[in-house]
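For reference, the structure discussed in these notes is given below.
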Amino acid sequence: MTTFDDTLQRARSAFASGKTRDINFRRKQLENLLRCYEEHENDMINALEADLRRPKQESLVVETELLKNDVKHILYHLNEWVKPEKPSKSFVNLMDDVQIFKEPYGVTLVIGAWNYPLQLLLVPVASAIAAGNCVVIKPSEIAANCAKFVADVIPKYLDNDCYPVVCAGPSETAELLQQRFDYIFYTGSTRVGKIIHAAANKYLTPTTLELGGKSPVYIDKSVNLRTAVKRILWGKLINCGQTCIAPDYVLCSKEMQEKFIVEAKDVLKEWYGDNIQSSPDLSRIINQNNYQRLLGLMKSGRVALGGKYDASERFIEPTILVDVKPTDPVMEEEIFGPVLPIFTVENAYDAIKFINARENPLVLYIFTSETEVQNLFINGTQSGGACINDTIMHYAVDVLPFGGVGMSGMGSYHGKYGFDTFSHQKSCLGKDLAAIGEKLASARYPPYSDQKSSLLTFLLRKRRPLPNLHLPYVLAFGLGVGVSVLVNYLIQVRKGKLSR
Ligand code: NAD
């Protein structure tokens, strides 16, 4: 018996009991989760401060408020999302029920990452609950204070059999992954994503992988540079660059590069003062490993701005690198810190070539006022998402799916897309056993003949779908016209007979 047998057994029995299929039960759990966020907002902010020295404002905007809004969005829309879908029908199924039921997968596993340790874990958990699943909740052990918060507090609000919290590092997670799950939702590095995918393969478990990558920024001279620099630097420096959708590197002309650096220097002074290290508004690097890794990456090219660091606080100053070669270490991996290399390109076509020579990014940032240039990038590159003239903000649009493509991930979530991710789309065709339907369909039975084949070909032929909504009216109208024509005809025949 492994450490996780008992937890999984209880979750399996809970799912088999059917209680998570009850919409009222799901609602109650989600309301409890919302209450948890409201009652423990300060505890969450404190845990984030302890793990990342995250400023309160950032924690409010990108964790606690985001979590509350996510659950509210689900609660507002749950009734409409759970309804079976009724797609438009083809001619052959006019009289049938054609429906898609949203069925929970069963016992799911959600594995979180350390950089946004609460929302990256609890947003998919809320989607899984909404869709009627049981969820094993696995926080990242690296953000230890947030993991402790999740383990201590969440079980006080959620059903413990259906939604157990499991604290595990890499080796215990490897053991956990030996269990059979019905869906796995993972957020983290591409390296570990491959391990998760390989483990899921054993039971052909469907998987969402929310991974990382190097998200490029293109800027041309049509932009308002001050605004563009502010938006890019904010996206780069929130959580000290430890954001999966942080701008990773900039592509622009030589002329723009010089202007960007001048503007960036001014903006950083405005935001953090003369001594950036003493500002309370910049997070710190999560641990020594990542701190040392970033110092290594800062050796690429030449430091044009910043470059200071302090091991005692794991502080790294916002740093801009220039004269970087595409083969330098800083371009070999996702930076995940406050270091921004700039590459000079001749034009948009050059930039697209540069981007396409690399793995698909999680997001592509395009700063230009020219619609034509925006379209060039949208149509000429592949990325999980795109954001024009801003950074990060696309993440908070809950009607947009969020996810990667290729090496930046598979699958997506947020809002309705999260609900759909955790729902199996069960298709169902419903017929009746009436004699007329059976008569029409009986051409499919042997003995086969040319006449039956012709009838079947006619019935099955693809036709433009009729809008569902109007079908009963069309049929009633057709029936009415048919009956009146028939009655009229019979009257005429009768009159004719009488007058003859
Ligand atoms: P990570 O891969 O080190 O850890 C993520 C999770 O995987 C943790 O819960 C950890 O316990 C588990 N884990 C680690 N090693 C494991 C192993 N060998 N076997 C099984 N499980 C293991 O990732 P990270 O360092 O926490 O996160 C950083 C990466 O995640 C970056 O690449 C970033 O871009 C990416 N990320 C992506 C998103 C997104 O939404 N797409 C969000 C945040 C972070």
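Each reported figure results from applying straightforward, stated rules to the coordinates on display, with no laboratory input. Small disclaimer: the values here were computed from a predicted structure and weren't measured. All Cβ positions, glycine included, derive from the backbone under ideal geometry; neighbour counts span all protein chains shown.
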From the phi angles alone, apply the Karplus equation (6.51, -1.76, 1.60; θ = phi - 60°) to region 194-200 and give each ³J(HN,Hα) in whole Hz, x where the residue is Gly or Pro. 5, 5, 5, 5, 5, 5, 5
The relative contact order of the chain, taking Cα pairs under 8 Å that sit 6 or more residues apart, comes to a percentage of 18
Dividing the alpha-carbon radius of gyration of the chain by 2.2 N^0.38 Å, where N counts its residues, gives 1.25
How far is it, in nm, from the label point at residue 99 to the one at residue 262 when both lie 7 Å from their Cα along the line to the Cβ? 6.7
Under the Karplus relation 6.51 cos²θ - 1.76 cosθ + 1.60, θ = phi - 60°, what is the ordered set of whole-Hz ³J(HN,Hα) values for region 94-108, x standing for Gly and Pro? 3, 9, 9, 8, 10, 9, 10, 8, 9, 10, x, 6, x, 9, 10
Would you work out which of 396, 376, 406 lies farthest towards the positive end of the dipole of region 346-446, given +1 charges on the beta-carbon of Lys and Arg and -1 on that of Asp and Glu, about the Cα centre? 406
With a sphere of radius 13 Å drawn around the Cβ of residue 296, what net charge do the other residues whose Cβ falls strictly inside it have (Lys, Arg +1; Asp, Glu -1)? -1
For the residue pair residue 308 and residue 5, what label-to-label distance in nm results when each label sits 7 Å from Cα along the Cα-to-beta-carbon direction? 5.8
Relative contact order of region 373-492, defined on C-alpha pairs under 8 angstrom at six or more residues apart (%): 11
Given H placed 1.01 Å from N in the peptide plane, which residues other than close sequence neighbours of residue 223 have an amide H under 5 Å from its amide H? 369
Over region 212-346, what is the mean sequence separation of C-alpha contacts under 8 Å (at least six apart), divided by residue count, expressed as relative contact order in percent? 32
Report, in whole Å, the centroid distance computed from the Cα atoms of region 176-233 and region 60-110. 23
Gain upon complete extension [residue 57, residue 35; 0.36 nm per residue less C-alpha separation]: 5.9 nm
Between residue 463 and residue 191, what is 0.36 nm times their sequence separation minus the Cα-Cα distance? Round to one decimal in nm. 93.1 nm
Taking only Cα atoms, what is the 0 to 90° angle, nearest 10, from helix 65-82's long axis to the longest principal axis of the chain? 10
Computed lengthening from residue 49 to residue 425, 0.36 nm per intervening residue step minus Cα-Cα distance: 131.3 nm
Within-13-Å neighbourhood charge of residue 233 [Cβ basis; K, R +1; D, E -1]: 0
Per the Kirkwood treatment, what hydrodynamic radius in Å, one decimal, follows for region 224-299 from the mean inverse distance over all distinct Cα pairs? 13.7
To the nearest 10 degrees, how steeply does helix 450-460 sit against the main Cα axis of the chain, on a 0 to 90 scale? 50
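The chain: longest stretch without exposed GluC sites (Glu not before Pro) (DSSP loop, at most 12 other Cβ within 10 Å), sites themselves excluded?
With GluC sites (Glu not before Pro) excluded where exposed in loops, the chain gives 1-312 as its longest stretch.
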With label points set 7 Å from each Cα along the Cα-to-Cβ direction at residue 204 and residue 28, the distance between them in nm comes to 3.6
Along the principal axes of its C-alpha atoms, what lengths does region 270-420 span, in descending order and rounded to whole Å? 44, 41, 31
